[in-house]
1. Quick one: what are the phi-derived ³J(HN,Hα) couplings along the range 287-303, Karplus 6.51/-1.76/1.60 with θ = phi - 60°, whole Hz, x for glycine and proline?
2. Carbon and sulfur: what percent of the chain's accessible surface (1.4 Å probe)?
3. Give the calculated FRET efficiency between Tyr30 and Gln648 to the nearest 0.05, with a Förster radius of 56 Å applied to their Cβ-Cβ distance.
4. Give, rounded to the nearest 20 debye, the magnitude of the charge dipole that the range 523-646 has about its Cα centre when Lys and Arg contribute +1 at Cβ and Asp and Glu contribute -1 at Cβ.
5. List the lysines whose Cα lies under 23 Å from the Cα of Lys282, skipping any in the same chain that are fewer than 8 positions away.
6. Would you mind estimating how fast the range 219-370 diffuses translationally, via Stokes-Einstein at 20 °C and 1.002 mPa s with the Kirkwood radius over Cα pairs, in µm²/s?
7. Tell me which of Val88, Gln867, Gln458 sits at the most positive position along the dipole axis of the chain, charges placed on C-beta atoms (Lys, Arg +1; Asp, Glu -1).
8. Let me know the volume per residue of the alpha-carbon convex hull for the range 243-296, in Å³.
Amino acid sequence: MADVRTITDAETAPEAPPSPTHVTIRREDYRPPDWLVPEIHLDFVLDTESTRVRARLSVERNGDHDRPLRLAGDALTPLSVLVDGADVPWRMEGPDLVIDVAGDRAAVETEVVIHPAANTRLMGLYASGGMLCTQCEAEGFRRITFFPDRPDVLSRYRVRMEADEARFPILLTNGNPVASGRLDGGRHWAEWEDPFPKPSYLFALVAGDLKPNRDSFTTMSGRKVDLAIWVREADLPKTDHAMESLKAAMAWDERVYGREYDLDLFNIVAVSDFNMGAMENKGLNIFNSAYVLADSNTATDVDFDNIARVVAHEYFHNWSGDRVTCRDWFQLSLKEGFTVFRDQSFSADMGSAAVKRIEDVRSLRMIQFPEDSGPLAHPVRPDSYMEISNFYTATIYNKGAELIRMLHTVLGAEKFRAGTDLYFERHDGEAATCDDFVKALEDASGVDLSAFKIWYSQAGTPVVEAHVDYDAGSGTATLELEQRVAPTPGQPDKKPMPIPLRTALIGEQSGAEIASEQLILLDEPRQTVRFDGVTEAPLLSINRGFSAPVIVRAQRSPHALERLAQSDTDPFARYEAMQELAMGLLTAGARGEEVDAEPLIRAAGNTLGSNALDPAFKAEAILLPQEAVIAERMEVVDPDAIHRAREQLRTAIGRGLSAELTRAQAATAPGTDHSPLAKGTRRLRSVALNFIAGGDAAAGAHLAKAQFDTADNMTDRQGALAVLVSLEGTEREDALKAFFERFSDDPLVVDKWFALQASAQRADTVEQVEKLARHPAFTMSNPNRLRSLAGNFSMNHWAFNDASGRGYRFLADMIIAADKLNPQIAARLVPPLGRWRRFEPVRSATMREQLERIVGTSDLSRDTYEQASKSLG
Ligand SMILES: [Zn+2]
């Protein structure tokens, strides 16, 4: 699946109330399945209000035991249970159906009726915009039929669907269609077969009035695959980018991983109500419409990039997820970390690799680092969970991808590829573990990677202290490295980790690489590395390309950072020098110290004026670190002080570089041009506009309104509105009104309208957000809409952490209300409240009060209970 994106130890938290229904599941308790299900026949009589599901399972006893057959269910009532055609005794144990089966093999038939329209959790079979669709990962299949719903039970599926033809003319499921026909009363049916055994979480079904954008792809062995993207008719013109992305992804996976698509057809369906980004069901990917639909008038360049990324991600899962799946949900990163690494590499190859790396690291720092230092910290391969839906996290996905990237760095591209070839060959058609993956890389490369396995089991972000001494007389530079990992919940004592650090030395005078790049493996608590033949004072360029997901603390002066920002030969390190230079000023400013912004202004000016750098890189490099990221660097977080310090620096740059920024803001690119240069030009334009508004609010408002009014694309329009929403005056009100009126029929653009206001840097944002929650266009039942308001607001550091505590109350209200409808989405809103330990005492106490209020709510879901009780600590 693809995710969507969006703290003092003064007192001890109270014990969370005991909760008998919330059982913790542990990795060490894994046992192979008692019964296997080689084949399943499903028969659906589909309707929105009630759908009848008959299932026929061929079951086989697995191993020598006399345990009964246990079929997981969730809110299902069996209407009939037959074993080999006969009535047999059965019992319900909690939500599960338990049957004593006498022999080692049997045909088990069950029948249930489910209610798609009443399914507000959006797990299992549900209704969305008049269509029916499914989401089964992780445990949604048990809301459709009784089944051993775990990823290590793989079955061949044959599925029959019957429905009213006028309302549901299109019937789709996994695999290939084998038969179809018409029935009396305007009904029709279709039968499909999936030749590849798969776990139940990859089952999918769609029924609705949909139209296809059709295309085809010829694989490297010459097989023609029919491609279709299914949407509502009106959305068809917005599907071309997704189709181009799909074909590019198919070709890339053949070229880079030697992986070819295996079925005769590949279907993608767009759905408006969807908990996650998209889902890799075999041959039938189901997508959140936000990751399919785009044209330049309604979608930003970021949306276009996200569509390419998510389409590729889900497609890549066909091998890393579907053909080789996970043995149990503790191994989730086996498919997700690897597939995120694959989609990151794909995006890097499609555009600027340096800018892509910067974007990925920024979101890692914004989302995963706080997770790793907070109460919800967990390893890439967790040891326990109450609700697996809570573990679709930045740690499993993004830190998991960094782990794979480190293995790639250490082995090199060729050996890594040999390793993945062996992995796919060895485990094709199987449910595998993270250990299996590492073993395949080791066996193919002959390299011992056992030390790296600690990255799967140990949580927390390592901190590396780095310091260089230079002895001009002997021409030696000595690099002292030291690592530590702070304790995380359940892991008080940490071991040293293997940290691959791409490192070089840059001459302070010459700006040249005076010690060429080498890969240093820091695997001891302390290490010393000597560089000989160093002819001038060196500047340290370390963790180049962000070769390890760690925090590097290198004592470098503003002068050294300014020099590196200008001349480092690694683009990421160059970006990093700018960010460190800014971070030093921001943290000092937040502590109330006088700061000298001149070195940063000079460095930003040099960056903007450079002919060698592309505009996208310039935009990334001059962006100031976000307030949440600055907060991570503070002992005690004071959101007002951080906000003030960042605003002062934004003003200083806006004034100091007004000519350069005005030039950058004036550069335009045609809205339909999506080349890297055009996208970079637009990105830099809006970043420049933001600084200009920081330097002179009136001039900024004027320019932003002009950019808004003349924009021929959503990127420029949204960039302008993002600046206007934080300002005062009629330009703001006029633009917000015009935007809403023009796009009120397009739900994805209305989401932007909510998100922009929730992200506004204003003293009254919390009031505005409360008001927006009462807006007629706001609804909690649509996950995108709920995230656009509540999710974005909770990421708006200054506004959310308003001293009144109103922001915390608002979020808690949202969580409690959403929990009744969709626990998975409610639980995902909890983490910002878990930062209470890091804040000054008043905010800290208020956040905890809200968490206690959530935990104390009656009938709270397991999802939200786990997140809120762990957040209390
Ligand atoms: Zn995924």
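The values are calculated or read from the model by the stated rules, or taken from the named source; none is laboratory data. The model shown is predicted, which means the values in this text are computed figures rather than measured ones. Cβ coordinates were reconstructed from backbone atoms using ideal geometry, including for glycine residues, and neighbour counts include every protein chain displayed. Heads up: the accessible areas ignore ligands, DNA and RNA and are worked out on the full protein's heavy atoms, side chains in. Shrake-Rupley method; radii C 1.70, N 1.55, O 1.52, S 1.80 Å.
1. 10, 4, 4, 4, 9, 10, 8, 7, 9, 5, 7, 10, 10, 7, 4, 5, 4
2. Whole-percent figure for carbon plus sulfur exposure: 49.
3. The calculated FRET efficiency here is 0.55.
4. Dipole about the Cα centre, nearest 20: 140 debye.
5. Within reach: Lys198, Lys211, Lys224, Lys247, Lys335.
6. 133 µm²/s
7. Value: Gln867.
8. Expressed per residue, the convex hull around the Cα atoms of the range 243-296 is 97 Å³.
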